[in-house]
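One structure is given here, and the rest of the page talks about it.
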Amino acid sequence: MKILLLSAYNTASHHYWCEGLMAQFSQYEWTYLSLPARYFAWRMRGNGLSWTYENHAELHQPYDLIVATSMVDLATLRGLNPQLHNVPALLYFHENQFAYPVSKQQADIVAAQMVSLYSAITAQRIVFNSEYNRSTFFDGLAALLKKLPDHVPKGIVEELTNKSSVLFVPLVNAPQVAGTRSKQASAIRKIVWNHRWEYDKGPEQLLAFATALPQGLPIKVHVVGQQFRQMPEAFAQVRQCLQDKKYLGEFGFIANKAEYLALLGQSDFVLSTALHDFQGLSILEAVQVGCVPIVPNRLAYQEIFDAQYRYPSRLDKPVEEAVGLIDKLQEFLAKPIEQLHVPSVAELEWRVLKPAYEHIIEHCRDLKTGRQGV
């Protein structure tokens, strides 16, 4: 099978998924096109134009299937490239533009939402990485359609729901780093916050946590993750606050994957303050190597982790949320290390999910294109 794989806004998690697909299904012939994760509005509307003029040769191959991430403007791409009209397409939603926290850089979020809508209609199958992702997409779509003034076709939500399903982004099978853990030999508990340094990962909530932490706890806090040219000012304040309280551990991006995994393997807890997580790969990767998750009671965390790992969600009152987070942390700190239970995420690894991916790829390849295949 010859597959065209498209990632229009190639963040680390999108690349992780694409690389996993190609590695797990090496029997297929893949052509992988991606665009950098910057200039969001332009990427969202311009990817079809960019690929049409920059990748003419790649787009004119005889493909059996298109696999695209949800930021791909599939309708425009097919409109500009008639040779792709009869190639069935699978659209994968790592996130959706209806539940994503709006920033100042996303002035016209409706335009991005419409791209997702047109692409979903165009695709033969749509797949979401969590039930939270799927439900917020359809709830948001229904709300948008109600706002449109006239000539709004009926049945769109039902049509798309009928060709949708949920498949998590699979984890690469657990790396052998757990043996590097030295928790038994240390009285200091290590906490890692390991997300993108952007507004949607809750830097203000992280700052509230750092500010509310009482003095004298036996902890070290690592704040690591992918950074960009511009980052929220809260991170500088987080660093100063942790440093003043003598809690500061590693701070910044760890480019070397082995070193990063070693840090996770040596840590006791992984922390989220996210405003948005449709699956939470960075949390899952840490849990996979032995970290106990401490996550807010919201987003996809509610379907992945039991209540014992979730602290109360109070987005309207970040200080109160920070207090709840600290209460949950101290609950865990009061337990001996050997009594800490790390939840299993083995069911999210490729070794378990590969058959489901193979089934949907093979099934989608055999679907007819056009509205009759919806």
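The values are calculated or read from the model by the stated rules, or taken from the named source; none is laboratory data. As the structure is a prediction and not an experimental result, all values here were calculated from the model. Every residue, glycine as well, gets a Cβ built from its backbone with ideal geometry; the counts of neighbours run over all protein chains shown. Accessible surface is based on the protein model in full, side chains and every heavy atom, while ligands, DNA and RNA are left aside. Shrake-Rupley method; radii C 1.70, N 1.55, O 1.52, S 1.80 Å.
Summary of computed values
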item	result
First in the stretch 309-328 and under 17 Å from F269 (Cβ atoms) and part of a helix (DSSP H, G or I), second anywhere and β-branched (V, I, T) and open to solvent by 80 Å² or more (accessible area, probe 1.4 Å), Cβ under 8 Å, 6 or more apart	A322/T211
Per-region count, the stretch 121-138, residues under 19 Å from the mean Cα position of the chain (by Cα) and either at pLDDT below 95 or in a helix (DSSP H, G or I) (or both)	8
Residue that is open to solvent by less than 30 Å² (accessible area, probe 1.4 Å), farther than 16 Å from L160 by Cβ and at pLDDT 95 or above, where the choices are S50, S103	S50
Residue that is modelled with the highest pLDDT, among those in the stretch 1-11 that are open to solvent by 20 Å² or more (accessible area, probe 1.4 Å) and in contact with a Ser or Thr (Cβ under 8 Å, 6 or more places away or on another chain)	K2
Flag for E320 being open to solvent by 60 Å² or more (accessible area, probe 1.4 Å) and of a type in the set (D, E)	yes
Selected residue (criterion: nearest to Q61 (Cα to Cα)) from residues of the stretch 33-44 that are in a loop (DSSP other than H, G, I, E, B) and open to solvent by less than 70 Å² (accessible area, probe 1.4 Å)	L35
Selection from the stretch 333-361 of residues that are surrounded by fewer than 14 Cβ atoms within 10 Å (Cβ to Cβ), in contact with a strand residue (DSSP E or B) (Cβ under 9 Å, 6 or more places away or on another chain) and farther than 20 Å from L271 by Cβ	A346
Residue list for the stretch 1-32, restricted to those being in a loop (DSSP other than H, G, I, E, B) and among the hydrophobic types (A, V, I, L, M, F, W, C)	M1, A8, F25
Residue identified as crowded, with 19+ Cβ neighbours inside 10 Å and within 25 Å of D277 (Cα to Cα) among F209, F228	F209
Filtered residue count, the stretch 195-240, keeping only those that are in contact with a Cys (Cβ under 9 Å, 6 or more places away or on another chain) and in a helix (DSSP H, G or I)	3
The one condition in (1) at pLDDT 95 or above; (2) surrounded by fewer than 19 Cβ atoms within 10 Å (Cβ to Cβ); (3) more than 28 Å from L299 (Cα to Cα) that E19 fails to fulfil	(3)
Any chance T180 is among the polar types (S, T, N, Q), over 17 Å from the mean Cα position of the chain (by Cα) and modelled with pLDDT of 95 or more	no
Restricting the stretch 362-374 to residues that are closer than 20 Å to K2 by Cβ and surrounded by fewer than 15 Cβ atoms within 10 Å (Cβ to Cβ), the residue that is modelled with the lowest pLDDT	K368
Count of residues meeting criterion [part of a loop (DSSP other than H, G, I, E, B), farther than 9 Å from V342 by Cβ and open to solvent by less than 10 Å² (accessible area, probe 1.4 Å)] in the stretch 290-301	1
Residue in the stretch 278-290 that is touching a residue at least 60 places away in the same chain (Cβ under 8 Å) and over 20 Å from A262 (Cα atoms) present	yes
Residue in the stretch 154-166 that is part of a helix (DSSP H, G or I), basic (K, R) and at pLDDT below 95 present	no
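Okay, residues lined up against (1) at pLDDT below 95; (2) open to solvent by 20 Å² or more (accessible area, probe 1.4 Å); (3) touching a Gly at 6+ places or on another chain (Cβ under 8 Å):
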| site | (1), (2), (3) |
| --- | --- |
| S13 | yes, yes, no |
| T31 | no, yes, no |
| N55 | no, yes, no |
| D64 | no, yes, no |
| V67 | no, no, no |
